[in-house]
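J.: Mind looking over this structure? Questions follow.
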Amino acid sequence: LKEDSNGNIWIATYQNGLWIYNSKTNRFSKIKVSVNESKLSQDTRFIFEDSSNRIWATSGSGIHVFSLTGRHLTTFDYFSKGLFGMHSYAISEDDNRNIWVAVNGGGLFKFNENIDDFSKSYFKRFNYYNKSSNDFRNYNIQSLTPDSSGNLWILCTSGMLIKYNMADNSYESLSEYPSIKDIVIASIIFET
(Lines give C-alpha, C1' and ligand atoms only; values in the text may rest on other atoms or scores of the structure.)
Protein backbone atom coordinates (compact mmCIF):
# COMPACT_ATOMS: atom_id res chain seq x y z
CA LEU A 1 0.00 0.00 0.00
CA LYS A 2 1.16 3.53 -0.72
CA GLU A 3 -0.65 6.80 -0.03
CA ASP A 4 0.33 9.31 -2.71
CA SER A 5 0.71 13.08 -2.28
CA ASN A 6 -2.93 13.57 -3.41
CA GLY A 7 -4.22 11.33 -0.62
CA ASN A 8 -5.09 8.42 -2.90
CA ILE A 9 -4.12 4.87 -1.94
CA TRP A 10 -2.22 2.67 -4.42
CA ILE A 11 -2.60 -1.05 -3.83
CA ALA A 12 -0.21 -3.69 -5.19
CA THR A 13 -1.55 -7.23 -5.36
CA TYR A 14 0.19 -10.45 -6.24
CA GLN A 15 -2.56 -11.98 -8.38
CA ASN A 16 -4.98 -9.12 -9.03
CA GLY A 17 -2.87 -6.29 -10.45
CA LEU A 18 -2.49 -2.66 -9.43
CA TRP A 19 -5.34 -0.61 -7.98
CA ILE A 20 -5.86 2.98 -6.87
CA TYR A 21 -8.41 4.11 -4.31
CA ASN A 22 -9.59 7.69 -4.93
CA SER A 23 -10.23 9.20 -1.50
CA LYS A 24 -12.45 11.98 -2.93
CA THR A 25 -14.81 9.75 -4.92
CA ASN A 26 -14.52 6.76 -2.58
CA ARG A 27 -13.90 4.46 -5.58
CA PHE A 28 -11.39 1.85 -6.60
CA SER A 29 -9.96 1.75 -10.13
CA LYS A 30 -7.73 -0.89 -11.65
CA ILE A 31 -4.60 0.45 -13.35
CA LYS A 32 -3.52 -1.42 -16.46
CA VAL A 33 0.00 -2.74 -16.11
CA SER A 34 1.06 -4.16 -19.46
CA VAL A 35 3.59 -6.89 -20.03
CA ASN A 36 3.31 -6.21 -23.75
CA GLU A 37 0.69 -4.86 -26.17
CA SER A 38 -1.66 -7.81 -25.68
CA LYS A 39 -1.04 -9.04 -22.12
CA LEU A 40 -1.61 -7.42 -18.71
CA SER A 41 0.47 -8.16 -15.63
CA GLN A 42 -1.54 -9.26 -12.59
CA ASP A 43 1.58 -9.41 -10.41
CA THR A 44 2.50 -6.12 -8.71
CA ARG A 45 5.19 -6.38 -6.02
CA PHE A 46 6.14 -2.88 -4.80
CA ILE A 47 4.97 0.76 -5.04
CA PHE A 48 7.01 3.94 -4.57
CA GLU A 49 6.31 7.66 -5.13
CA ASP A 50 9.31 9.81 -6.09
CA SER A 51 9.83 13.53 -5.41
CA SER A 52 8.53 14.31 -8.92
CA ASN A 53 5.18 12.75 -7.94
CA ARG A 54 5.59 9.70 -10.16
CA ILE A 55 4.42 6.29 -9.01
CA TRP A 56 6.83 3.41 -9.58
CA ALA A 57 5.22 -0.04 -9.52
CA THR A 58 7.25 -3.21 -9.90
CA SER A 59 5.96 -6.43 -11.39
CA GLY A 60 7.31 -9.71 -12.69
CA SER A 61 7.79 -8.11 -16.10
CA GLY A 62 9.52 -4.85 -15.18
CA ILE A 63 9.26 -1.48 -13.51
CA HIS A 64 6.25 0.61 -14.54
CA VAL A 65 6.04 4.37 -13.95
CA PHE A 66 2.74 6.28 -13.73
CA SER A 67 1.52 9.81 -13.09
CA LEU A 68 -0.59 10.38 -9.97
CA THR A 69 -3.70 10.09 -12.14
CA GLY A 70 -2.71 6.60 -13.24
CA ARG A 71 -1.50 7.57 -16.71
CA HIS A 72 1.26 5.20 -17.85
CA LEU A 73 4.54 7.08 -18.44
CA THR A 74 6.84 4.19 -19.35
CA THR A 75 7.93 0.66 -18.51
CA PHE A 76 11.51 -0.38 -17.90
CA ASP A 77 11.69 -4.08 -18.74
CA TYR A 78 14.11 -6.28 -16.88
CA PHE A 79 17.11 -6.99 -19.11
CA SER A 80 16.91 -3.59 -20.84
CA LYS A 81 18.10 -0.02 -20.22
CA GLY A 82 20.92 -1.37 -18.02
CA LEU A 83 18.63 -3.43 -15.75
CA PHE A 84 18.90 -7.18 -15.33
CA GLY A 85 17.49 -9.73 -12.94
CA MET A 86 13.98 -10.72 -11.93
CA HIS A 87 11.53 -8.94 -9.63
CA SER A 88 12.14 -5.74 -7.75
CA TYR A 89 10.99 -5.31 -4.16
CA ALA A 90 12.75 -2.06 -3.32
CA ILE A 91 12.99 1.46 -4.75
CA SER A 92 14.12 4.52 -2.83
CA GLU A 93 15.25 8.11 -3.38
CA ASP A 94 18.14 9.85 -1.63
CA ASP A 95 18.45 13.49 -0.54
CA ASN A 96 19.98 14.38 -3.93
CA ARG A 97 16.87 13.05 -5.72
CA ASN A 98 18.73 10.01 -7.05
CA ILE A 99 16.45 7.01 -7.44
CA TRP A 100 17.90 3.64 -6.43
CA VAL A 101 16.36 0.36 -7.57
CA ALA A 102 17.03 -3.18 -6.37
CA VAL A 103 16.41 -6.16 -8.66
CA ASN A 104 16.71 -9.76 -7.47
CA GLY A 105 19.53 -11.51 -9.28
CA GLY A 106 20.74 -8.18 -10.67
CA GLY A 107 21.62 -6.06 -7.68
CA LEU A 108 21.61 -2.34 -7.00
CA PHE A 109 20.93 0.19 -9.77
CA LYS A 110 20.91 3.99 -9.93
CA PHE A 111 18.39 5.63 -12.25
CA ASN A 112 19.76 8.10 -14.82
CA GLU A 113 16.86 10.18 -16.08
CA ASN A 114 16.69 11.49 -19.64
CA ILE A 115 14.99 14.88 -19.18
CA ASP A 116 13.98 15.12 -22.86
CA ASP A 117 12.46 11.64 -23.14
CA PHE A 118 11.72 9.80 -19.89
CA SER A 119 11.38 6.46 -21.71
CA LYS A 120 15.04 6.75 -22.85
CA SER A 121 16.31 6.91 -19.27
CA TYR A 122 18.62 4.11 -18.15
CA PHE A 123 20.08 2.43 -15.07
CA LYS A 124 23.65 1.92 -13.90
CA ARG A 125 24.58 -1.01 -11.67
CA PHE A 126 26.64 -0.63 -8.48
CA ASN A 127 28.28 -3.37 -6.43
CA TYR A 128 27.25 -3.47 -2.77
CA TYR A 129 28.86 -6.67 -1.50
CA ASN A 130 31.86 -8.95 -1.90
CA LYS A 131 30.81 -12.59 -1.66
CA SER A 132 33.38 -15.26 -0.83
CA SER A 133 33.13 -18.82 -2.18
CA ASN A 134 31.94 -20.18 1.20
CA ASP A 135 29.32 -17.45 1.73
CA PHE A 136 25.84 -18.89 1.20
CA ARG A 137 23.79 -15.88 2.32
CA ASN A 138 21.11 -14.39 0.07
CA TYR A 139 22.20 -10.92 -1.06
CA ASN A 140 18.96 -10.05 -2.88
CA ILE A 141 17.71 -6.72 -1.59
CA GLN A 142 14.55 -6.60 0.48
CA SER A 143 14.63 -2.86 1.25
CA LEU A 144 16.63 0.33 0.62
CA THR A 145 16.68 3.17 3.13
CA PRO A 146 18.79 6.32 2.57
CA ASP A 147 19.97 8.39 5.51
CA SER A 148 20.87 12.09 5.68
CA SER A 149 24.62 11.32 5.83
CA GLY A 150 24.91 9.96 2.28
CA ASN A 151 24.47 6.28 3.07
CA LEU A 152 22.04 3.79 1.64
CA TRP A 153 21.08 1.10 4.14
CA ILE A 154 20.52 -2.18 2.32
CA LEU A 155 18.57 -4.97 3.96
CA CYS A 156 19.17 -8.30 2.26
CA THR A 157 16.70 -11.18 2.10
CA SER A 158 19.00 -13.17 4.41
CA GLY A 159 18.47 -10.54 7.15
CA MET A 160 21.92 -9.02 6.70
CA LEU A 161 22.34 -5.24 6.87
CA ILE A 162 24.81 -3.41 4.59
CA LYS A 163 25.78 0.26 4.78
CA TYR A 164 26.51 1.59 1.28
CA ASN A 165 28.23 4.98 0.90
CA MET A 166 26.72 6.64 -2.17
CA ALA A 167 29.52 9.22 -2.55
CA ASP A 168 32.44 6.82 -2.93
CA ASN A 169 30.54 3.58 -3.68
CA SER A 170 32.06 1.80 -0.70
CA TYR A 171 30.12 -0.64 1.45
CA GLU A 172 30.34 -2.34 4.81
CA SER A 173 28.46 -5.40 6.01
CA LEU A 174 27.24 -5.06 9.57
CA SER A 175 26.76 -8.82 9.90
CA GLU A 176 29.96 -9.20 11.94
CA TYR A 177 29.19 -6.49 14.50
CA PRO A 178 29.06 -8.29 17.88
CA SER A 179 25.74 -6.75 18.96
CA ILE A 180 23.85 -7.88 15.83
CA LYS A 181 26.00 -10.78 14.59
CA ASP A 182 23.43 -13.49 15.32
CA ILE A 183 20.31 -11.43 14.60
CA VAL A 184 18.24 -11.73 11.44
CA ILE A 185 16.93 -8.24 10.67
CA ALA A 186 13.45 -8.09 9.10
CA SER A 187 13.01 -4.34 8.50
CA ILE A 188 14.57 -0.97 9.25
CA ILE A 189 13.24 2.55 9.75
CA PHE A 190 15.05 5.79 10.57
CA GLU A 191 13.97 8.20 13.27
CA THR A 192 13.90 11.85 12.23
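J.: Filter Lys2/Lys81; Lys110/Lys131; Lys32/Lys110; Lys30/Lys131 down to the pairs with a C-alpha to C-alpha distance above 30 Å, please.
T.: Lys30/Lys131
J.: Chymotrypsin sites (Phe, Trp or Tyr not before Pro) within the stretch 90-192: which are DSSP loop residues with at most 15 other Cβ atoms inside 10 Å?
T.: Listed in order of number, the matching sites are Phe136, Phe190.
J.: Under a 1.4 Å probe, what is the accessible area of the chain per residue, stated in Å²?
T.: The answer is 56 Å² per residue.
J.: I've got another one for you. In vacuum, with every alpha carbon of the chain counted as one equal point scatterer, what does the Debye formula give for log10 I(q)/I(0) at q = 0.09, 0.10 Å⁻¹? Two decimals, please.
T.: Computed log10 I(q)/I(0) values: -0.35, -0.43.
J.: When the chain is fully extended, how far beyond the present Cα-Cα distance does Asn6 get from Leu73, taking 0.36 nm per residue of separation?
T.: The span from Asn6 to Leu73 would gain 22.3 nm if fully extended.
J.: Expressed as a whole percentage, what fraction of the accessible surface of the chain belongs to carbon and sulfur atoms when a 1.4 Å probe is rolled over the protein heavy atoms?
T.: Heavy-atom surface of the chain belonging to carbon and sulfur, 1.4 Å probe: 48 percent.
J.: So between Asn127 and Met86, what do we pick up on full extension, going 0.36 nm a residue minus the alpha carbon distance?
T.: 13.1 nm
The values are calculated or read from the model by the stated rules, or taken from the named source; none is laboratory data. Note that the structure is a prediction, hence the values are computed from the model and not measured. Note that each Cβ is placed from the backbone with ideal geometry, even for glycine, and that neighbours are counted across all protein chains shown. In case anyone asks, the SASA skips ligands and DNA or RNA and just uses the protein heavy atoms, side chains included. Shrake-Rupley method; radii C 1.70, N 1.55, O 1.52, S 1.80 Å.
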